[in-house]
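Beneath this line is the structure, given in structure tokens, with notes to follow.
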Amino acid sequence: MTHFDQIAQEELGRNITNPTTGEIDRKTLGELVFGNDNRLQELQDLVWPRILQSLEASIAFHKKKAEEYGKEGVVVVEAAVLLKAAWLDHLYN
């Protein structure tokens, strides 16, 4: 079980995990959050900051690699929630 899985269980309840594997059961999680705006917001508040942190680390890595070669790099990000999550300021620099 990952650290994120543990946090998700604490925030959203233990019933979101598969009892056999201990991993988050996506079907159960979907049933919990889709159709329930409050629960969906809780999930987004939990997940989006971690996704952004990972994305920023990846961009920094690729930027450093490009600089090592004396080049300007481009990182393409496909993010369906880019605008809703207000990540534009984090990406255009």
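Each value in this text was obtained by applying a stated rule to the coordinates, not by laboratory testing. Not measured: the values here are computed from a predicted model. Virtual Cβ from ideal backbone geometry, glycine too; neighbours counted across all protein chains shown.
What distance in nm separates the simple spin-label points at LEU88 and ALA60, each placed 7 Å from Cα in the Cβ direction?
2.5
What's the FRET efficiency of VAL75 with LYS27 using the Cβ-Cβ distance as r and R₀ = 35 Å, to the nearest 0.05?
Rounded to the nearest 0.05, the efficiency is 0.60.
With +1 on the Cβ of every Lys and Arg and -1 on the Cβ of every Asp and Glu, and nothing else charged, how large is the dipole of the chain about its Cα centre, in debye rounded to the nearest 20?
That gives the chain a dipole magnitude of about 200 debye.
Amide H of THR17: which non-local residues (sequence gap of 5 or more, or other chain) have their own amide H closer than 5 Å, using H built in the peptide plane?
ASP25
Could you tell me the calculated FRET efficiency between GLN9 and GLU68, based on Cβ-Cβ distance and R0 = 41 angstrom, to the nearest 0.05?
Numbers: r = 41 Å, r/R0 = 0.99.
Rounded to the nearest 0.05, the efficiency is 0.50.
Quick one: net charge around GLU42, please, counting Lys, Arg +1 and Asp, Glu -1 for every other residue with C-beta under 13 Å from its C-beta.
Charge balance near GLU42 sits at -3.
Which lysines have a Cα lying under 19 Å from the Cα of LYS63, excluding residues fewer than 8 positions away in the same chain?
Correct list for LYS63: LYS71.
Cα to Cα, under 25 Å, and not fewer than 8 places away if on the same chain: which lysines meet these conditions relative to LYS27?
Those lysines meeting the cut-off are LYS84.
What residues of region 14-31 lie in the reach of a label at ILE51, counting those whose backbone N is under 18 Å from a point 7 Å from the Cα along Cα→Cβ?
24-31
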